[in-house]
Structures are given as C-alpha cells and as structure tokens.
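Written out below as structure tokens is the structure these notes cover.
Bear in mind that the values in this text are calculations on the coordinates, not laboratory data. Keep in mind that this is a model prediction, so the values were computed, not measured. Cβ placement follows ideal geometry from the backbone for every residue including glycine, while neighbour counts extend to all protein chains displayed.
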Ligand SMILES: *Cc1c(COP(=O)(O)O)cnc(C)c1O
C-alpha cells in the first residue's frame, strides 16, 4: 500500500492535568528543613487554588504531547490559499530575538535607538523598491489595518482637494476585508463583477467610475489567483476622473521582482509582511501590514516618519497633512526584523521565490484539472481554485474532501473562498515545498476523488484516523463548550 505522511500510531490520549495529578507528587526538590514546621494562619492563606500535584516528567510529557497534536508549517505542507503559509527560515526568528532588538523599548531616546530605526528605515526602502512605489509606513498591524490606513490616506487626499467623495469600487474578486475597510472609513463599496475570464475589464470600470467615486480597491493577483491584466487601463480610467487606485498586495508572493506596481498605476498598496516576507502566522497575529504610496501621497502617511540625515536617524512628527497615528508606537517591530533579514538574505532570489510559487501552483492546477472542476482554465499566479462540481453526483462536497485530506496527513486547503466560486477549493502551495511533497499532495487528492466515486460514505464521514473525529459543527456553534 502507498504510504502517506499521516499516521495514527503513537498519538497518545491526553487526560487533563487535574486527572493526571496525584496528591503529594512534586515537580521540584528543596533541601531538607532544619527547623520545626509551624502552621500558617488560615486567614493569611485564604482559598487555596485547585492546582494539581505533578512530577516534572508528568508536566513535560503532557505539554510535549499537546504540541505534537498541533499542525503548522514546521510539521508539514500547509496549502491554505490566500494565506501564503510558506516555510519561514529559522535564521529570521533567531535574529528577531537578538537582545538589542527584542528588548528595545519604544520609549528609549532616539540616540539609543539608532539600530532599530536604521532597520525600519532601510526596510521601508526595500519595500518601496520591491513594489515600485515611493514612500512607506510600517505602522499598520496587519493587512486589514493597512487597508484602513490606505483608505484614510485616500480620504485625506480627496478632502485636501476639496471634496472627500462617497463611494469606492470593489470587485467581486477582492478580499473580504476590502469592502469592510472602505466602509469603516465611510466609503460605500460598489461591487463590480469580473468577466468570464475571472478578471476586471476596463470598460466595466469606465461605466461606473465618476467624480463621486474616490477610487478602486483591486486585489492583484486577485482572490481567484489570477493577475488583473487590465490594471493599467483601469488605472487610467480611475485617474481620469480624479480617483486613486488602491492595490491589496497581500498576494505579493506571486509577483516580487516581476511587476512594478507604480508603473501599473497603483497609488497606494499594502503588503502582508507576515505572509510574503517570512513571519509565522495564523492564530491571530502578530502581523504587519505596511502601506506603500506614490510620492504625492507621502504627506498623508501616519506620524512619526523615520528620517535619515548623514547617517543619523530621527522620528519626524511635523507632518501637518498626516492622518495621524494609527498604532501604538511604531508597529510590530519583531515582524519588521524578520522581513528585513528575509529580504537581505534572499536578495535577487525574491524573484525566483515568486517564480517558483507560481510554477508550483500551475503544476498543481495542470495535474488536478481532470480530477476536479477548474472554473477558470488559464495560467494562474501563486494559487489555483477548483470546485467540487465533478463530485456532485456522488454527493461528496468540498468540506467532506477537505476533512478526508486530514486522514492522509495533509492540512486542508482554503475552502468555500473565494465566494465568487461555488464550492471552491483554493490551493496555494508556495515556493517552499519540494516536488516530492507536492506530488504526494496531488496523489492524495486524486485518491480522495477516487474514494468519492467508489466509497462516498467513507469521505462523507471523514476524518476517521484523526485524533478528533467528525464534529457536529451545528452543535459546536449552537452550544459551544467554552470551559474545557
Ligand atoms: C490575508 C489577506 C488580507 C488580510 O490580511 P490580515 O493580515 O489577515 O488582516 C487582505 N487581503 C488579502 C488578499 C489577503 O490574502
């Protein structure tokens, strides 16, 4: 039988520490006392918390086992689309923990913070170069926060010209956070449909762009993993009515060193350092979502800006048109150090990384397009989107197949996103997976599709081999058990 990375052996059951503890057991040793014991006044002690008595080995094994139940990029392929779950080199972790960085206090005087400010200033320069834009702020704490910052900049720009405008164009292939960020800033998102090729056409934008519209928010590559080829013409249309082009650049992993966003007509964009530039993510942070802007929007960036003069770095607060501060201190500095080290160590190989990410996604797309329905059969960027249409006949859905993948030791891809595709299965392999691992993933998906035909019940009741079997999701949502 073919071997898959998943295993069911030697995964221990793990009782709670309270169940494992035994009165009088102890995890440390103290020297023998040489005085008589004297009772402690009960009033002083109060209610003693219920803490289990455990030996050292009890505690170490308990937590080591729990850590083995977890799944992450360090344990296997993580093909979650729209998330860029690439492997993050450990050297970046090590450097971000260097005491001079990790222990730097944000209230230290500038004279004692030259190193940290230099890292930030140089990182801003790298990101400007990578995107082809002119000025950068590192303050936003995540992608969506970058979007909000970008919207505030757009709002400040229009207000400065006399009128803030009220609407913004957001395509149906944009990330869900886009309309939310626009709305938070007071803009009414106007949805536009992408064409039959899965991208925007300039004519559609020309039909709705007017002087009440502040601009457009395009995710490029979009959430179908497709490059918005008409972006330049679209930008011309938007600019001709006085609007601005915002690009959601969370998918930059597909195009580093390949496209010049400034040249394409983008005025503002955010990056997700925690996706593209090597920071472990998932589970809610911390992240970093810098925004990059064209020269004419620089005065609106948040304060303080980091300035350099003759090798001396300082913080500049004097920026009358700035949207103000959008984050405590200067952003999530540890993430910046990781990105800085990653970019320096990759150098021109950043372009190769993007090329490999795109190659891997196209390889998966071609290998699986006879097995799963491919709604847009054209070259993709760093991710590809299938559906469960071929499995409909056997009444096997995307969710069933995602659960079955876990039985074989693979983290499921993103499912039911993007929303424009019914029953979507969105796969982003990233550049860090080897051909052998990608082949094993492809073979597993083919096996699952075969099972869907031959034994649909097996797939519908998956996972069978995992520690936790199929969950009653309705019950979990209606009657959540929050106390353990
Ligand atoms: C992940 C993502 C975001 C949101 O980023 P967060 O850091 O999670 O806020 C926005 N747009 C796209 C295209 C994304 O993939």
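See the values below:
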{"item": "Angstrom value of the Kirkwood radius, inverse mean 1/r, which spans all Cα pairs in the range 349-474", "result": "15.0"}
{"item": "Whole-number D in µm² s⁻¹ for the range 91-346, Kirkwood Cα-pair radius fed into Stokes-Einstein, 10 °C, 1.306 mPa s", "result": "86"}
{"item": "Kirkwood-based Rg to Rh ratio, the range 18-143, C-alpha trace", "result": "1.18"}
{"item": "Percent antiparallel among DSSP beta bridges (both partners in the chain, rounded to 5)", "result": "55"}
{"item": "Estimated FRET transfer efficiency when R0 is 30 angstrom, pair residue 210-residue 260 (beta carbons, to 0.05)", "result": "0.60"}
{"item": "Burial ranking of peptide ranges 135-146, 371-382, 170-181, 431-442 (average Cβ count within 10 Å, highest at the top)", "result": "135-146, 170-181, 371-382, 431-442"}
{"item": "Potential lengthening between residue 203 and residue 66 on full extension [0.36 nm per residue; Cα-Cα distance subtracted]", "result": "43.8 nm"}
{"item": "Centre separation in Å (Cα based) which lies between the range 390-418 and the range 29-60", "result": "51"}
{"item": "Gyration tensor (alpha-carbon) shape descriptor, the chain, a/c threshold 1.5", "result": "oblate"}
{"item": "Extension gain (nm, one decimal) between residue 345 and residue 454, 0.36 nm per residue minus Cα-Cα", "result": "34.4 nm"}
{"item": "Inter-label distance, nm, simple model (7 Å from Cα along the C-beta direction), residue 308/residue 467", "result": "4.7"}
